[in-house]
Amino acid sequence: IAECVVVRDYPRTVIEVVIQILKADGGVISVAINSAIVALMDAGISMRSIPVSTTLLVKHSGISSELRLDPTAEEEIGTDCAATIFVTDSANYGVVSCLTSGIISQDSYLSCIEASSRASKAVIAFMRLAIEQKVTREVQTLWSS
């Protein structure tokens, strides 16, 4: 996340985001990363890009493999492989980081990256909409007094 923040705008400043998990129902790492990004956006922190994290499961069944996006905790238990992929919203939707567990083939890995890139567009749109609605409500409250 630090690579996405424009640190030159904040000399001698520590930006700390604390995330407390109250209930977990799968994809905890992705949820924590996305929550931190929304918190930075809400605080008005300048960022080079808005990264998004997605969690995918890979279930191998014979020759083919099935991808599951945004799995529940139950689905995560009986899986062959899991991938948490951190994608930026830059023009090419590049991968910033990837955390995998289990054995994953190259084809499955590339499928995970493609699915994560497609899903990240929807997540970014949701994040922006949520922030825009919050700002709109704050402006209306400010000017209605």
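The values are calculated or read from the model by the stated rules, or taken from the named source; none is laboratory data. Keep in mind the model is a prediction, meaning the values are calculated, not measured. Here Cβ is always computed from backbone atoms with ideal geometry, including for glycine, and neighbour counts include all displayed protein chains. Please note that ligands, DNA and RNA were not included when accessible areas were found on the heavy atoms of the full protein model with its side chains. Shrake-Rupley method; radii C 1.70, N 1.55, O 1.52, S 1.80 Å.
Taking only region 90-145 into account, find how many residues are polar (S, T, N, Q) and either loosely packed, with under 12 Cβ neighbours inside 10 Å or within 16 Å of ILE37 (Cα to Cα) (or both). Before you say what the answer is, go through the steps one by one.
Of the residues in region 90-145, the ones polar (S, T, N, Q) are 90, 92, 97, 100-101, 105-106, 108, 111, 116-117, 120, 133, 136, 140-141, 144-145.
Of the ones still in play, those that are also either loosely packed, with under 12 Cβ neighbours inside 10 Å or within 16 Å of ILE37 (Cα to Cα) (or both) are 90, 92, 97, 106, 120, 133, 136, 140-141, 144-145.
So the count comes out to 11.
So which of VAL135, VAL38, VAL96 ends up being among the β-branched types (Val, Ile, Thr), without any contact (Cβ under 8 Å) to a residue 12 or more places away in the chain and closer than 28 Å to THR13 by Cβ? Steps first, answer last, please.
Numbers: VAL38 fails: without any contact (Cβ under 8 Å) to a residue 12 or more places away in the chain; VAL96 fails: without any contact (Cβ under 8 Å) to a residue 12 or more places away in the chain.
Answer to the selection: VAL135.
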Practice task
Would you check if there is a residue in region 24-46 being open to solvent by less than 50 Å² (accessible area, probe 1.4 Å) and touching a Cys at 6+ places or on another chain (Cβ under 9 Å)?
Solution key: yes
